[in-house]
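The values are calculated or read from the model by the stated rules, or taken from the named source; none is laboratory data. Everything numeric in this text was worked out from a predicted model, so none of it was measured. Ideal geometry is used to build each Cβ from the backbone, glycine not excepted, and the neighbour counts take in all protein chains shown. In case anyone asks, the SASA skips ligands and DNA or RNA and just uses the protein heavy atoms, side chains included. Shrake-Rupley method; radii C 1.70, N 1.55, O 1.52, S 1.80 Å.
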Amino acid sequence: MQPNATIAPSTLSVKDLPWQILWHKDKCTLCGRCTAVCPVNAIELGVFRKRRIKVSLEPQGNPSSGFDIFHGIRQKTDPAYACVGCATCSLVCPNDAILPMRSDEADKLRFHINRGGQPRSRGGRRNVPGGILDQIKFIRISMLTDPALDAGRHEFEMRTLLGRILPPEQNLKFFNENGWIPPVREIYPLIIGGMSFGALSPNMWEGLQMGVAYLNEELGMPVRMCTGEGGCPPRLLRSPFLKYVILQIASGYFGWDEIIHAIPEMVEDPCAIEIKYGQGAKPGDGGLLMWHKVNKLIAAIRGVPPGISLPSPPTHQTQYSIEESVAKMIQSMYMAWGFRVPVYPKISASSTAMAVLNNLTRNPYAAGLAIDGEDGGTGAAYNVSMDHMGHPIATNIRDGYLNLVKVGMQNEIPIFAGGGVGKNGNLAANAATLIMLGASGVQTGKYIMQAAAGCLGSETDRCNICNIGRCPRGITSQDPRLYRRLDVEKVAERVVDLYLAFDMELKKILAPLGRSTALPIGMSDALGISDYYAAQRLSIKYVV
Amino acid sequence: MCRLFAMTSETPVSPMIALEAMDVMREGHDGSGVGLFLRDLGGPFEEIKNAPILSGIFSEKGLRRLDTFMMDIGFMTKYKITIKVPKIPPPGVPKRDTYLIRAYEYPEEWDDYSQSDRYEKLLEIRLQLRAMGEEKRDMIVFSFWPDVIMLKEIGDPLQVANYLKLDRNELHARVIMAQGRQNTNYAINLYACHPFFIQGYASMTNGECTAFTPIREFLLSRNYPGYTGYQSDSEIFTHILHYTQTRLGLDISAYKHIITPLQDAAIADHANAGLLKQLKQSCRRLIIDGPNCVIGCLPDHSLFMVQDRKKLRPGVVGGRPGRYAFSSEVCGLDYAVPDRDKSQDFQPMHLDTVIVGPQRQEVSICNQMQPLPPLH
């Protein structure tokens, strides 16, 4: 820009962007891979004119000057093309000549990322690192009063129940009288949370399904995966592997025409039906699949025309109250599968969650409640919803559990916790914490993407472009040029790796607490935190 | 650690046998307290099997309040044991005013009550007295039940027994359960001392229950007034026993399926697979997770022993027809029933429930893999 040129309000310099591209002229081979691979076209080939001054060493010699041209990388400063820090350029550079570096101060881009009056939308999680789950530690270690167990030697039964469990008296009565006992699934307590076919690429989805199938069939771990709202591929609906799948229905009902029509041809019942009323990442907002990602395949599965954005409404349009929702939807879903499949709602964590839970206690069909906290991930949402809306998961789970204890139904309605489980990499510790606070199991999606497919997204706003279908890893893209980067078999292998590692870590937590024959749901005496008010609020021990 | 000893005998025996057996095992306990449960009583109580007996510790003031309270609800004293103790208690034993063992005559209006009504009322009165005592700190009530005496005190078991002169004919009983050591994980409190008792069911436990907190929450939320206390984690075993028998109508052979259910694969192959799966699911919050050895007594005077799933605690059963003993260690058994066939001694493992029935003729062993008796 010329010094006397006009500056538009949104004219930014490289310094104003959150990420600056460092490029080494002497290392660069000008191969062009970085510019080709950049998902947001933040860099382009630059032709630089450089003045060269020659100064004579002779006392009378006159200096002269000329101009050279050299080629290199130029970082765009247009807000629409700002670097997202994914560093795929570094990944492909043969000479390590390029690297995005985070700015040393808060960026100015944030004030200009709403051009055209469109607020920023993105994928990922709330851009706030840390969280209370990592502050909670396990303090009730079995010492001399009871021997600690051996994670490698003792038998462990780390299973949880998904389904409505009757009170023991009623259960025995119905058993003896051949009454209807609600279906209950015995599953592994770590569920792969709802990430839709559409939000995820076909390779990612297939890899996850293969990993889950392997864990079940070969390793005997009853791992389950939720489809998210986007239907289910027709071949999977008709395969025996459907029993490892939790089908999700949400306010857009995408894919359910296909599912309902497949019911007569199903050889196995699905594990369960999850009715999504809310999502922790964007509470009170519906699902969103932006047009970039709606290709022919996705459109066919979802039963919509290709190339249009698919926003799900914030609420189920036919339902105006929780009572109605329970009566209409939970029961009709039960009916669709002959009362053989558990049906449960998923809500975003909220100060109103207790009202939902209390209502479910009064309905004999509700098979559980999944609560998704503010740290949950999403494929697409408005930035404001992600960063500022929502309720932490810890207090919601604890309040819900203690509420059930008060009415004596803590074993009857399992609560599943989601939202930020493993946010800082501590998947097993976070899961165990939530279980001891009262959750029957946990759901996680983001961690799975990170560990099984190398998702680069972070809570310090790196990448987070799942919404535009340009995922540099091919995880959340529908472009075959991108998703073919992801090897299906390798994803499956990583899913198995992460589950086996989780299993061992969970044992390493439970064994010293002296627990092995049952999941320590609500074992709050094992938890401690050095924050007095948090300890009071969660009814756990305050330790310093 | 603590040590347990229980005995069932055709002829009434002195509780001293149990306490001496406990003393033989003294290396295994810290001598910090003793609890005693006597049932199927001999001596003077033989004649008044149906009269409820109140056992507890009272201050002078508490005793006066007790008398007024019992008079008001129409209970008349039928028989009492007076325990006169030396002026200075042995080291570590607190000074108490009165160790009370008193049998009552039911009020006349109770004549029309059904058995179950009576049992509920007796429980209610015990809880009322306990609450009164806790309020003014002048009474501690252990049991109020026909044909049952309980005694608990802090201190070395044998010293306490000598101090209270327990070797008296009036305290001879056919079923005796004794436990050495206070529960020291929580505050020293006589209500934390084993054995625990509720409506005819008693049990004592070796080891700490790691799943105590969720189990306590589950029992408290059953809305049954008797499920209270929990000064010790071991009280839950008694209440789970009571719950499974009275509320679920299950037999003692099912108790272990509640507290330490089989793994899923074993359930699938079991003759009662359907029932066991339902029990495991609906009673999931009652899974104890050990390490515990539980010795208990049922209303029909059967004694039983079960181990946790990992079998991390000691426990042995042996004896001869007419007299059997359950002991933490073989040396305790040797002391109490020396004239037995030692080759028949049995140490229950992770699947076993050992029962000596009211006839005291044999040790029956019930393995979790066996079919259950039909539900009643």
Check your understanding: If you take the residues in the stretch B:1-16 that are open to solvent by 10 Å² or more (accessible area, probe 1.4 Å) and over 15 Å from B:ARG39 (Cβ atoms), which one is modelled with the lowest pLDDT?
Key -> B:MET1
Review point. Does any residue of the stretch A:50-59 turn out to be of a type in the set (Val, Ile, Thr) and not in a loop (DSSP other than H, G, I, E, B)?
Key: yes
**Study point:** Selection count where residues are acidic (Asp, Glu) and open to solvent by 30 Å² or more (accessible area, probe 1.4 Å), scope the stretch A:99-121
**Key:** 2
**Study point:** Selection within the stretch B:270-283 - surrounded by 24 or more Cβ atoms within 10 Å (Cβ to Cβ) and at the interface with chain A (Cβ under 7 Å from one of its Cβ atoms)
**Key:** B:SER282, B:CYS283
Check your understanding: So which residues in the stretch B:128-145 are open to solvent by 20 Å² or more (accessible area, probe 1.4 Å) and polar (S, T, N, Q), if there are any at all?
Key -> B:GLN128
**Study point:** Residue that is modelled with pLDDT under 90, more than 14 Å from every other protein chain (Cβ to nearest Cβ) and either over 25 Å from the mean Cα position of the chain (by Cα) or open to solvent by less than 60 Å² (accessible area, probe 1.4 Å) (or both), where the choices are A:PRO94, A:PRO63
**Key:** A:PRO63
Practice item. Name the single residue, out of those in the stretch A:498-544 being polar (S, T, N, Q) and assigned to a helix (DSSP H, G or I), that is surrounded by the most Cβ atoms within 10 Å (Cβ to Cβ). Key: A:SER524
Practice item. Return only the number of the condition from (1) in contact with an Asp or Glu (Cβ under 8 Å, 6 or more places away or on another chain); (2) surrounded by fewer than 19 Cβ atoms within 10 Å (Cβ to Cβ) that B:ASN292 does not satisfy. Key: (2)
**Study point:** Answer from B:ILE259, B:ILE267, B:ILE355, B:ILE295 - the residue that is more than 9 Å from every other protein chain (Cβ to nearest Cβ) and within 24 Å of A:GLY179 (Cα to Cα)
**Key:** B:ILE267
Check your understanding: Quick one: is B:ILE125 part of a helix (DSSP H, G or I) and either touching a residue at least 12 places away in the same chain (Cβ under 8 Å) or buried (at least 21 other Cβ atoms within 10 Å of the Cβ) (or both)?
Key -> yes
Practice item. Specify which of the listed residues (A:ILE397, A:ILE371, A:ILE347, A:ILE413) is within 14 Å of chain B (Cβ to nearest Cβ) and hydrophobic (A, V, I, L, M, F, W, C). Key: A:ILE413
Exercise for review: Examine the stretch A:122-142 for a residue that is open to solvent by 50 Å² or more (accessible area, probe 1.4 Å) and within 14 Å of another protein chain (Cβ to nearest Cβ), and state whether such a residue exists.
Suggested key: yes
Practice item. Report yes if A:ARG494 is farther than 17 Å from A:TYR447 by Cβ and surrounded by fewer than 23 Cβ atoms within 10 Å (Cβ to Cβ), otherwise no. Key: no
Check your understanding: Which residue out of B:GLU27, B:GLU60, B:GLU108 is more than 17 Å from B:LEU166 (Cα to Cα), touching an Asp or Glu at 6+ places or on another chain (Cβ under 8 Å), open to solvent by 30 Å² or more (accessible area, probe 1.4 Å) and not basic (Lys, Arg)?
Key -> B:GLU60
Practice item. Name every residue in the stretch A:289-329 that is hydrophobic (A, V, I, L, M, F, W, C) and under 25 Å from the mean Cα position of the chain (by Cα), in order of residue number. Key: A:LEU289, A:MET290, A:TRP291, A:VAL294, A:LEU297, A:ILE298, A:ALA299, A:ALA300, A:ILE301, A:VAL304, A:ILE308, A:LEU310
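Per-residue answers, yes or no, for (1) modelled with pLDDT under 95; (2) at negative phi; (3) more than 31 Å from the chain's Cα centre (by Cα); (4) among the aliphatic types (A, V, I, L, M):
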site: A:LYS15; (1), (2), (3), (4): no, yes, yes, no
site: A:GLN20; (1), (2), (3), (4): no, yes, no, no
site: A:TRP23; (1), (2), (3), (4): no, yes, yes, no
site: A:THR35; (1), (2), (3), (4): no, yes, no, no
site: A:VAL40; (1), (2), (3), (4): no, yes, no, yes
Review point. Mind checking whether some residue in the stretch B:228-237 is at the interface with chain A (Cβ under 10 Å from one of its Cβ atoms) and surrounded by fewer than 23 Cβ atoms within 10 Å (Cβ to Cβ)?
Key: no
